[in-house]
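To start, the structure itself, in structure tokens.
The values are calculated or read from the model by the stated rules, or taken from the named source; none is laboratory data. Just so it is clear, the model here is predicted, and its values are computed rather than measured. With ideal geometry, Cβ positions are generated from the backbone for all residues, glycine too; neighbour counts draw on all protein chains shown.
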Amino acid sequence: MKYSNYFTQRHKKFKRFFLHLPLVALCLCMNLFLLSCENPFMLKILEPKTIYFNSNGGSKVANQNLWKGNKVKKPADPAKASHTFAGWFEDNNKFTKAWIFDTVPTADVTLHAKWNADKTDPPDTGCEHQWGVWTVTTPAYCTAAGEETRICTIDPIHKEIRPMAPLGHDMKWVETKVPTYTEEGIETYTCQRIGCTHTAGTRTIPQLVITPDSDLSSILASLPGNTAATPYVLVVNIGDLSSIGDTLNANPDKYVILDMSGSTFNSIGDYAFAACQSLITVTIPDGVESIGAYAFRDCTGLKNIVTGDSVKSISIGTFFGCASLESITIPSAVTCIEVYAFYGCVSLKSVTFEGTIQEADFSDGSRFPGDLRDVYLYHYSGEGGIGTYTTTRSPNDDYTAKWTKQ
Ligand SMILES: [Zn+2]
Ligand SMILES: [Zn+2]
């Protein structure tokens, strides 16, 4: 009886195990589903790809399943009777696009084996071959070898075949995007052979420069209106400023970044850019020594100004009312900032002084917002002086903003 009891216990345990089997199987299935390639979530992350190898009558080559970012590994060459393996190609029969191993595929790819028939010596018929000229029977291509054949004129069944080396790519820089007055162009290094799409890099072509010979006024007029967030970049090389401010004012809906760094004028006259509200950034050429009175007055869109190193003086009201101006660097050559130069620059939050300005010239009326003038002048007591000053002001505390040296 004891014995049979023991077996009953075993039997119960056995039964319990089998009762739980469906539950265990369900859990396993759920896990498999999550890990499965059929799961759209996993598909998106892993981007599985299959590389198929069509050996074109040669020995079978196994497919490769790749996850995202994995390279195709070069399999061992297949074999085919009386043939020599000549590489894997994307285009079957044509064999112009040799697959470059160690590249990462972007989609499923089928690669096709190319075979060259082994040269079989013509049977020794005692013929003293009279060979004709070599003629191309399979043209060589960029990365694909070709073949030449010559035929015996005594018996055309006698043939000789010799390989032709691949030609290599015929690379040349080609303009793929034409430069304009507002955008750089692009050149692409491209293979010139018909049917080959091989490229190896791009480089930019500088945008066209507006000179006295090209009319800024007609160029601006031809451009569609834009916004302050997407200004046009214009490179202007000119000898004198003459009517440039008037031209900008005549096109108030064309927001511009004006790069004049290649220009040769050496002063900016009074009111030169006054009220040019569409001017976002301006780069002043290095040769400029003086910026005139109210030169940028009420350029309300002006955010950034790049001054040349030669600027010696900033005149009365030069940046008066430039309400968007956020930062400025005062070059070391500047010895004088006149009255109202920064009056109403309510967004100014960063000023860099590269040199020392004499107290006498740096009058109260320079109207740097808040206490910047005083903080800067502390250099007489060992503080202030050369350096960058910032403030966390709000727009309306033009008088009370507190500045600190960084
Ligand atoms: Zn012959
Ligand atoms: Zn090519």
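When you go through Pro123, Pro156, Pro139 one by one, which is the residue that is at pLDDT below 95, within 16 Å of ligand 2 (Cβ to nearest atom) and out of contact with any Pro (no Cβ under 8 Å at 6 or more places or on another chain)?
After ruling out the rest, the residue left standing is Pro139.
Of all residues in region 179-213, which are of a type in the set (A, V, I, L, M, F, W, C), within 17 Å of the chain's Cα centre (by Cα) and closer than 26 Å to Pro224 by Cα?
Result: Ile186, Ile205.
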Over region 292-318, the set of residues modelled with pLDDT of 90 or more, buried (at least 19 other Cβ atoms within 10 Å of the Cβ) and outside any loop (DSSP other than H, G, I, E, B) is Ile305
By residue number, the members of region 341-356 that are in a loop (DSSP other than H, G, I, E, B) and buried (at least 21 other Cβ atoms within 10 Å of the Cβ) are Ala341, Phe342, Tyr343, Cys345, Leu348
Expected single match for in the same structural domain as Ser267 (by TED's automatic domain parsing), at positive phi, at pLDDT 85 or above and not in a helix (DSSP H, G or I) among Gly370, Gly384, Gly321 is Gly321
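Condition check: within 41 Å of the chain's Cα centre (by Cα), more than 16 Å from ligand 1 (Cβ to nearest atom), under 28 Å from Lys159 (Cβ atoms) and modelled with pLDDT under 90. Does Lys94 satisfy that? I'd like the intermediate steps shown before the answer.
Working: within 41 Å of the chain's Cα centre (by Cα): yes; more than 16 Å from ligand 1 (Cβ to nearest atom): yes; under 28 Å from Lys159 (Cβ atoms): yes; modelled with pLDDT under 90: yes.
The answer is yes for Lys94.
Within region 159-173, restricting attention to residues that are within 13 Å of ligand 2 (Cβ to nearest atom) and surrounded by 13 or more Cβ atoms within 10 Å (Cβ to Cβ), which residue is farthest from Val209 (Cα to Cα)? I'd like the intermediate steps shown before the answer.
Restricting attention to region 159-173, the residues satisfying the condition of being within 13 Å of ligand 2 (Cβ to nearest atom) are 166-172.
Still in the list and also surrounded by 13 or more Cβ atoms within 10 Å (Cβ to Cβ): 166-167, 169, 171.
Values: Pro166: 44, Leu167: 41, His169: 35, Met171: 29 Å.
Filtering first and then ranking leaves Pro166.
In region 133-154, which residue that is within 16 Å of ligand 1 (Cβ to nearest atom) and surrounded by 13 or more Cβ atoms within 10 Å (Cβ to Cβ) is farthest from Phe95 (Cα to Cα)?
Residues of region 133-154 within 16 Å of ligand 1 (Cβ to nearest atom): 133-134, 149-154.
Now drop any that are not surrounded by 13 or more Cβ atoms within 10 Å (Cβ to Cβ), which leaves 134, 149-152, 154.
Details: Trp134: 22, Thr149: 19, Arg150: 22, Ile151: 25, Cys152: 28, Ile154: 33 Å.
The extreme case among them is Ile154.
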